[in-house]
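Engineer: Have a look at this one before I ask anything.
The values are calculated or read from the model by the stated rules, or taken from the named source; none is laboratory data. Remember, it's a predicted structure, so these values are computed and weren't measured experimentally. All Cβ positions, glycine included, derive from the backbone under ideal geometry; neighbour counts span all protein chains shown. What goes into the accessible areas is simple: the full protein's heavy atoms, side chains included, and nothing from ligands, DNA or RNA. Shrake-Rupley method; radii C 1.70, N 1.55, O 1.52, S 1.80 Å.
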Amino acid sequence: MSYTVLEQYSRDIDYYIYNVTLGLLHFASAGGRLPRVIEANDIANEQLHENISQLPSDFKYITNPNLSEILGLNQLQLESYLTDFVEIAKKGICSFDKTNINNPEDQTYHLVAWPENESDKFWWPFDLPFQTNINNIILNRSKIPFSENPKENWTFTLKLD
Amino acid sequence: MNLEEQTEKYVIKLISFKFKPAVVIGAEYNGKRVFSYSKPCDSNMRNSLRNKLRELGDLYIQKNGKGNPIGNCAEVNVSQKLMIGNSTIPLDKIIFSTPIRPRTKQPVPICDNCKHTFDK
């Protein structure tokens, strides 16, 4: 089964991509198009999200200090904005959001929240249901290596295919 | 409670069911208020709304292959709901709340399809 186009444009879908360096990454679709590998694996993706939702929320987390600037939100709006992404970061997973929510075709994502203790982030008590190597779907990003680029500057543009 | 506050209450209800549509909206006409969210609209709709959407193209298809598919927006769905029992509501007289993304409570700008359909 696949996510239909109409479903993708009408739902704010949680999806996950794995990378050997960065671990499991979470993305919020905000009604935008999904990468092909996610589109084709709707049931597995929903199950993965359900599994992750049930993980304990025991990680300390950090939120991106540049969010007000990226999104144009005031402090009160920012508190409402963060809730979901913080929940994911507390489970040990870096959480990204779609940057331009009024442009479904734009595939740019910014990092919202991430776990403070990186050493534990490669552990989760279930198998990943499908292979999604982020190196295959990142269209462009900063040329600075991840290890030298502060996380608040992490922005991905994902390929659909 | 005004339309914005009631829409926010509707958003909170949806979130409590872990339901995350891309956009939620409220609408009002002549004292009647209804709430809905982005999803493929029912193809069985009032003529005025259908005709206006058809000016953009076929239902469920993206105009020029980009943007929201026609009839998929929260505005269309909430208008359909509002027109139940009153098919003569002028589309440009419908009052909408601010469209909201439930996950983040961010306001979502109205899309070009809806600007055309509802003369906003």
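Engineer: Taking amide H positions as placed 1.01 Å from N in the peptide plane, with prolines and chain starts having none, which residues 5 or more places from A:I62, or on another chain, fall under 5 Å of its amide H?
Structural biologist: A:W114, A:E116
Engineer: Further question: Given R₀ = 25 Å, what would the calculated FRET efficiency be for A:T83 paired with A:E105, taking r from the Cβ atoms and rounding to 0.05? Don't jump to the answer; show the numbers that get you there.
Structural biologist: Values: r = 27 Å, r/R0 = 1.07.
Result of the calculation: an efficiency of 0.40.
Engineer: With a 1.4 Å probe and all protein chains left in place, how much accessible area per residue does segment A:1-103 have, in Å²? Present the calculation step by step, with values, prior to reporting the outcome.
Structural biologist: Numbers: 4250 Å² over 103 residues.
On a per-residue basis, segment A:1-103 sits at 41 Å².
Engineer: Hey, can you rank A:69-75, A:102-108 by average C-beta count inside 10 Å, highest first?
Structural biologist: Values: A:69-75: 12.3, A:102-108: 17.9.
Descending packing order for the listed peptides: A:102-108, A:69-75.
Engineer: Could I have the simple spin-label model distance between A:S53 and A:T4, label points 7 Å from Cα toward Cβ, reported in nm to one decimal?
Structural biologist: Distance between the two pseudo-spin positions: 2.2 nm.
Engineer: Moving on. Looking only at other chains, what is the average number of their beta-carbon atoms within 10 angstrom of each beta-carbon in B:105-115? Spell out each step's value before the answer.
Structural biologist: Numbers: counts 7, 10, 4, 4, 3, 1, 3, 0, 0, 0, 0.
That works out to 3 on average.
Engineer: In peptide B:20-28, what is the residue-averaged number of other protein chain Cβ atoms found within 10 Å of each Cβ? Kindly include the intermediate steps, with their values, before the conclusion.
Structural biologist: Values: counts 9, 4, 13, 8, 0, 0, 0, 0, 0.
Mean partner-chain Cβ count within 10 Å for B:20-28: 4.
Engineer: List the residues of segment A:67-111 whose accessible area drops by at least 20 Å² when all protein chains are present, compared with their chain alone, using a 1.4 Å probe and counting only protein heavy atoms.
Structural biologist: Correct list: A:L73, A:S80, A:Y81, A:D84, A:I101, A:N102, A:P104, A:E105.
Engineer: Also: Can you show me the helix-derived [θ] at 222 nm for chain B, built from DSSP H runs with n ≥ 4 at -39,500 (n - 2.57) apiece and divided by the number of residues, rounded to the nearest 500. Please list the in-between numbers first.
Structural biologist: Numbers: 4 runs with 38 residues, N = 120.
Computed ellipticity for chain B at 222 nm equals -9000 deg cm²/dmol.
Engineer: With springs only between Cα atoms under 10 Å apart, run a GNM on chain B and tell me which of B:G31, B:G71, B:G85 wobbles the most.
Structural biologist: B:G31
Engineer: Next question, about the same structure. Between A:R36 and A:E69, what is the label-point separation in nm under the 7 Å Cα-to-beta-carbon projection?
Structural biologist: Simple spin-label model gives 3.7 nm for this pair.
Engineer: Using a simple spin-label model with points 7 Å from Cα along the Cα→Cβ vector, what separation in nm is obtained for B:K32 and B:E55?
Structural biologist: Taking the two extended label points, one gets 2.3 nm.
Engineer: When the chain is fully extended, how far beyond the present Cα-Cα distance does B:D119 get from B:M1, taking 0.36 nm per residue of separation?
Structural biologist: Numbers: separation 118, 0.36 × 118 = 42.48 nm, distance 2.63 nm.
Using 0.36 nm per residue and subtracting the Cα-Cα distance, I get 39.8 nm.
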